[in-house]
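Some notes on the structure that comes next.
The values are calculated or read from the model by the stated rules, or taken from the named source; none is laboratory data. Because the structure is a prediction, the values reported are computed rather than measured. Counting neighbours? That spans all protein chains shown, and the Cβs are built from the backbone with ideal geometry, glycine included. For the accessible areas, the whole protein counts, side chains as well, though only heavy atoms, and no ligand, DNA or RNA atoms are used. Shrake-Rupley method; radii C 1.70, N 1.55, O 1.52, S 1.80 Å.
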Amino acid sequence: MSDPVSSRYDLHAHSTASDGRLDPGDLVRRAACNRVEYLALTDHDTVGGIRAARDAARRSGIRLVAGVEISVTWNKKCFHILGLGIDPANETLLSGLAGLQRIRRERARQISDKLEKHGIHGALTAARKMAGAGMITRTHFARFLVAEGHATSVSEVFDRYLVRGKPGHVATRWAGLEEALSWIRAAGGLAVLAHPLRYRLTASWLRRFLTAFQSAGGTGIEIVCGNSTPQQIATCADYARRYRLSGSVGSDFHDPDFPWIDLGRLPPLPAGVTPVWEHLETS
Ligand code: AMP
Ligand code: MN
Ligand code: MN
Ligand code: MN
């Protein structure tokens, strides 16, 4: 392993408002310890953690960028779009997210029914309990399946149960691309494509998506993610230049027990791309 590199910006992180392990206050304090100066809280389809994160940020002396990670379906494929610098009280955004929250609750029931047919009982109750007041996600089901001994790791659960073609998979129609971008715009934020290389798309599908994203008003793409290789960073920087998108840096931190991804432990943006924070009001 190379030495950890530290970044003043970490614009992608999760709390217990969705599938992160730390509550918003602890997340902010960990970021401050790691010398992050600008942290974006980007929970899945909710802004429920922003207020607590903002209070903690004020006390820790770091800047909280209000954010959200919106689930989008485009051409039957799922993408994650970050809204950064949003107003978490904006009604258009909140009513859009309320629709996704309903979809999440319904999908959770369907996942549980499918697992039930596969002989795995009690998944909905357990996943709901783990999610608490936060969004229910596949990560919660995965943690339950690990705890029950059906797999040894969360990622093994995804591969064996939760992805397309597996017994607990449920096809889901999330927000439309233009729709999600319109909510982000209404809330005064910037749209950034999260982890561009994690969708298992062919290069031609990714190019098509980037064309649509750019023309729908997308601002940036995440160039540096929590576990990016130098080659992946170079590839994403090329996309940013080619599609005239700004570059973002975000760990996608979820869990302090996975120390290979930590807040602010990120290499710098390559030269020749505009940092997305140049467009953010960070004062
Ligand atoms: P959901 O939005 O409910 O479908 O859950 C998506 C979340 O599951 C992602 O944000 C990741 O945190 C997690 N996830 C997806 N794929 C994997 C994987 N292969 N291994 C571990 N976690 C995963
Ligand atoms: Mn997640
Ligand atoms: Mn994501
Ligand atoms: Mn994320």
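On the basis of being open to solvent by less than 20 Å² (accessible area, probe 1.4 Å) and farther than 26 Å from residue 206 by Cβ, does residue 24 make the cut? Steps first, answer last, please.
Numbers: open to solvent by less than 20 Å² (accessible area, probe 1.4 Å): yes; farther than 26 Å from residue 206 by Cβ: yes.
So residue 24 fits the description; yes.
Based on what the data block shows, is residue 57 among the small types (Gly, Ala, Ser), in the same structural domain as residue 259 (by TED's automatic domain parsing) and either modelled with pLDDT under 95 or within 16 Å of ligand 4 (Cβ to nearest atom) (or both)?
Values: among the small types (Gly, Ala, Ser): yes; in the same structural domain as residue 259 (by TED's automatic domain parsing): yes; either modelled with pLDDT under 95 or within 16 Å of ligand 4 (Cβ to nearest atom) (or both): no.
When the stated conditions are applied, residue 57 does not pass them.
Every residue in segment 90-130 that is free of Cβ contacts under 8 Å to residues at least 60 places away in the same chain, more than 16 Å from ligand 1 (Cβ to nearest atom) and within 30 Å of residue 223 (Cβ to Cβ), please.
Listed by number, the list holds a single entry, 94.
Among the residues of segment 136-193, which ones are away from ligand 1 (no atom under 15 Å from the Cβ), in contact (Cβ under 8 Å) with a residue 40 or more places away in the chain and over 25 Å from residue 250 (Cα atoms)?
167
Select from segment 119-147 the residues that are open to solvent by 40 Å² or more (accessible area, probe 1.4 Å) and either aliphatic (A, V, I, L, M) or in a loop (DSSP other than H, G, I, E, B) (or both) and list them in ascending order. Show your work before the answer.
Within segment 119-147, the subset open to solvent by 40 Å² or more (accessible area, probe 1.4 Å) is 119, 121, 125, 128-130, 132-133, 138, 146-147.
If the condition is that a residue be open to solvent by 40 Å² or more (accessible area, probe 1.4 Å) and either aliphatic (A, V, I, L, M) or in a loop (DSSP other than H, G, I, E, B) (or both), then 119, 121, 130, 132, 133, 146, 147 are the ones that fit.
Looking only at segment 27-60, count how many residues are of a type outside the set (Gly, Ala, Ser), free of Cβ contacts under 8 Å to residues at least 40 places away in the same chain and open to solvent by 10 Å² or more (accessible area, probe 1.4 Å).
Here is the first cut: in segment 27-60, the ones of a type outside the set (Gly, Ala, Ser) are 27-30, 33-39, 41-47, 50-51, 54-55, 58-59.
Keeping just the survivors that are free of Cβ contacts under 8 Å to residues at least 40 places away in the same chain gives 28-29, 33, 37, 41, 50-51, 54-55, 58-59.
So of that shortlist, the ones also open to solvent by 10 Å² or more (accessible area, probe 1.4 Å) come out as 29, 33, 37, 51, 54-55, 58-59.
Result for segment 27-60: 8.
Check residue 177 against each of (1) open to solvent by less than 60 Å² (accessible area, probe 1.4 Å); (2) farther than 19 Å from residue 82 by Cα and name the one condition it does not meet.
Looking at each condition in turn, residue 177 falls short on (2).
Any residue that is open to solvent by 60 Å² or more (accessible area, probe 1.4 Å) and either touching a helix residue (DSSP H, G or I) at 6+ places or on another chain (Cβ under 6 Å) or within 18 Å of residue 134 (Cα to Cα) (or both) - is there at least one of those in segment 65-88?
No, there is no match, as no residue in segment 65-88 is open to solvent by 60 Å² or more (accessible area, probe 1.4 Å) and either touching a helix residue (DSSP H, G or I) at 6+ places or on another chain (Cβ under 6 Å) or within 18 Å of residue 134 (Cα to Cα) (or both).
Which pairs turn up if I take residues in segment 254-277 that are over 23 Å from residue 27 (Cα atoms) and look for partners that are open to solvent by 30 Å² or more (accessible area, probe 1.4 Å) and not in a loop (DSSP other than H, G, I, E, B) with beta carbon separation below 7 Å, at least 6 apart in sequence or on another chain?
Within 7 Å, the pairs are 270/234; 272/241; 273/241.
If you scan segment 33-47, which residues turn out to be among the polar types (S, T, N, Q) and within 16 Å of ligand 4 (Cβ to nearest atom)?
Initially, segment 33-47 is screened for residues among the polar types (S, T, N, Q), giving 34, 42, 46.
Of everything in segment 33-47, those that are among the polar types (S, T, N, Q) and within 16 Å of ligand 4 (Cβ to nearest atom) turn out to be 42, 46.
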